[in-house]
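One structure below.
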Amino acid sequence: MATGWAGDGAVQDQIDATVCDAIRRARSRLPQGPGRSHCEECEAPIPDARRAALPGVRLCVACQEQHDADEAAVTGYNRRGSKDSQLR
């Protein structure tokens, strides 16, 4: 059922595009290239198990947790106010 100027399936197409963009953005953040044996920030040794699990790793666990917390605080994405959340 089309409403207004939107064609059939337009809402689903928008949702699919949003999900694809989020996946692309997350994949672009994954570490790439050779990993490091010591953390970039604190120079602590990175365990072999972590380096094997995450190729391209550059931070130790403690620094990575801090980096993730800092990044989460800055994003400011309000899911409740987004158009996708109103479609449910």
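The values are calculated or read from the model by the stated rules, or taken from the named source; none is laboratory data. Just so we're clear, the structure is a prediction, and the values are computed from it rather than from any experiment. A quick note on method: Cβ atoms are made from the backbone with ideal geometry, for glycine too, and the neighbour counts reach across all protein chains shown.
Applying a threshold of 8 Å to beta carbon distances and a minimum spacing of six or more residues, or different chains, the list of pairs starting in segment 1-25 at a residue that is modelled with pLDDT of 90 or more and ending at one that is hydrophobic (A, V, I, L, M, F, W, C) reads Ile15/Leu87. Within the bounds of segment 42-64, is there any residue that is within 14 Å of the chain's Cα centre (by Cα), surrounded by 10 or more Cβ atoms within 10 Å (Cβ to Cβ) and at pLDDT 90 or above? Looking for residues that are within 14 Å of the chain's Cα centre (by Cα), surrounded by 10 or more Cβ atoms within 10 Å (Cβ to Cβ) and at pLDDT 90 or above, one finds at least one in segment 42-64, hence yes. Of all residues in segment 52-74, those that are closer than 16 Å to Leu30 by Cα have Cβ atoms under 7 Å from Cβ atoms of residues that are of a type in the set (Val, Ile, Thr), 6 or more apart or on another chain, in Val57/Ile46; Cys60/Ile46.
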